Amino acid sequence: MHPFEFYLKLGFEHIADVAAYDHILFLVALCAVYRIEEWKKILILVTAFTIGHSITLVLVSLELFSIPSNIIKFLIPLTIFATAVHNVLGADQAVKSIKMKRNYAMALFFGMIHGMDFSNYFKALIMDPSDIVVPLLGFNVGIELGQLLIVFFIVGIAFLFLHLMKVKHREWNLFISGAAAGMSLISMLENAF
């Protein structure tokens, strides 16, 4: 059994690994529609994503749920694509509270899908499902810290463009969401099963 710090570091490295850019790209797409003034909403969305990630890790570790790796490799870029398209098509401000609830549900569900990508490795690390509490807590705290650092960076860049360079928020959202959609579409085609 590894100590809490091992899982904390593992979670942080998992989310912040540039080689596994899919999680970072998802966070970029998730944040594209928000301004720095909406930091509480962003924090809740990121936490919903982590909770979804955790649910999947528990289900797979307890052998209650499993999906083949090739399907997961297709679903992850699909979540990025869906988020990016939702950013562009779902930008109606008139139903903002309904939209936020939908965004939280999407982040939770998509977090579950992203959690599948790491779940078998996590399951092998813990070996004994009855000892899941410390590894899961450490891993999720690490993921949350990594995500917050990435989100801080993303929102900081958005602040520079929106406030200092006076780029309109609509154009920022279209550019970032379009780039995320394009990159995820390529990944979906590469991983089509």
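The values are calculated or read from the model by the stated rules, or taken from the named source; none is laboratory data. This structure is a prediction, so every number in the text was calculated from the model and none was measured. Note that we place each Cβ from the backbone using ideal geometry, even for glycine, and neighbour counts take in every protein chain shown. Just the protein is used for accessible areas: all its heavy atoms, side chains included, with ligands, DNA and RNA removed. Shrake-Rupley method; radii C 1.70, N 1.55, O 1.52, S 1.80 Å.
Worth pointing out:
- Among the conditions (1) at pLDDT below 95; (2) in a helix (DSSP H, G or I), the only one that Ala91 does not satisfy is (2).
- Qualifying residue in the stretch 172-190 (condition: not in a helix (DSSP H, G or I) and not hydrophobic (A, V, I, L, M, F, W, C)): no
A quick yes/no check of all residues on (1) at pLDDT below 90; (2) within 21 Å of Leu160 (Cβ to Cβ); (3) not hydroxyl-bearing (Ser, Thr, Tyr):
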residue	(1), (2), (3)
Pro3	yes, no, yes
Phe6	no, no, yes
Lys9	no, no, yes
Ile15	yes, no, yes
Ala29	no, yes, yes
Glu37	no, yes, yes
Val46	no, yes, yes
Thr56	no, no, no
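- Scanning the stretch 39-72 for residues that are touching a helix residue (DSSP H, G or I) at 6+ places or on another chain (Cβ under 9 Å) and among the charged types (D, E, K, R) gives Lys41, Glu63.
- Within the stretch 68-83, residues that are surrounded by fewer than 21 Cβ atoms within 10 Å (Cβ to Cβ) have Cβ atoms under 8 Å from residues that are small (Gly, Ala, Ser) and outside any helix (DSSP H, G or I) in these pairs: Phe74/Ala192, counting only partners at least 6 apart in sequence or on another chain.
- Pair list, Cβ < 7 Å and 6+ apart or interchain, from the stretch 5-18 residues that are under 21 Å from Ile51 (Cβ atoms) to residues that are open to solvent by 20 Å² or more (accessible area, probe 1.4 Å) and modelled with pLDDT under 85: His14/Phe118
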